[in-house]
1. What FRET efficiency comes out for TRP115 versus THR142 if R0 is 25 angstrom and r is the Cβ-Cβ distance? Round to the nearest 0.05.
2. What pairs from LYS236/LYS304; LYS302/LYS347; LYS223/LYS247; LYS261/LYS304 go past 26 Å between their alpha carbons?
3. Based on the mean of other beta carbon atoms within 10 Å per residue, what is the order of 332-345, 301-314, 134-147, most packed first?
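None of the figures in this text is laboratory data; all of them are computed from the coordinates on show. The shown structure was predicted, so the numbers you read here are calculated from the model rather than taken from an experiment. Here the Cβ is made from the backbone with ideal geometry for all residues, glycine too, and neighbour counts use every protein chain on show.
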Amino acid sequence: MVLELLDNITPNKYLHSVIILLVFYALSELVVFISQRVILQLTKKTKTNLDDLIVSKTNKPISLILIILGLRLSIIPHKVKPYILDIFGHILASLIIVLIAYIFIVIFDIIIINWGSKFAAKTESKVDDEVVLLFQRFSRITLSLIGLIFILNIWGIEVAPLLASLGIAGIAVAFALQSTLGNIFGGISLIVDKSITVDDFIRLEDGTEGKVTDIGLRSTKIKSRDGDLIILPNGKLADSKIYNYHKPLPITRATVDFSVKYGSEPEKARKIALDELKKINYVLKEPVPVIIFAEMGEFALKFKAHFWVKSINEKIEAKDAATTAIYSALNRNKITIPFPTRTVYLKKG
């Protein structure tokens, strides 16, 4: 219809092409002008900056799409050989698909980065940056492949056999990278579940224990009490039973076992030990320390002194101070601490 109107105005085909190009160029500039001067002013009033970024990043690609459409229409009035026209049309259509794919990639990048910044604000681990980067790369590759499929379809290339080949290759790669992918998804699950965080002191069911220094995308680093660095694959860590001494609260309980000989007064031994615990700086006043008369053993009365400290980092020092204090107090009060003995009675024949 537009071409017929131009034919009525002027029979010059070159002038037709110039007019078409100028019209679409004007439309492209109008899109940029409206997006920058009108739409952006409206989006600035919203609470989020997502719409601002999307509009500012996509207005120029949209204007380029309009220019390419104008270029395609400007060729129609000329008598061009069909195969040349097809090739030229395929090239322009491929460029449009590339620009559309670029627009979607930009939009997804903005959304993922915005989500990533909010996600990172809730965590103390560096793994969130790697997770966001992983999602960003995955979205880019996926959208690029979709765009490539459309381009191949335009050029008449069969996509179905190619997709089947890619599917088989993908299965083979997934099997080859099974361990790596397991570690990556294990790291993601650890940070999403927040079961452990940096600076937590943890112990695994195999006895491995230490302070978490870093949670990476593929592995987690733990510093043992001896200062050794332990690197654990996230896949193994995610499948393990983890004792976290910092959650739900950092305070932890310590226990000192002690015994007194038979004939001693249990209440007196209990009071002496409890008084000593209350003098130790490491021991918290709340929860209150308790002394439990645990067992009448083979050769001694056995007690357990339970008390709480601020964190696992003070547990060893607190236990050492409590053991020393209880031992010294029992000696001062003439309460014997027995050692294993066995009495043998001999009967004369």
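1. 0.90
2. Pairs exceeding 26 Å: LYS236/LYS304; LYS302/LYS347.
3. Highest-to-lowest ranking by the protection proxy: 301-314, 134-147, 332-345.
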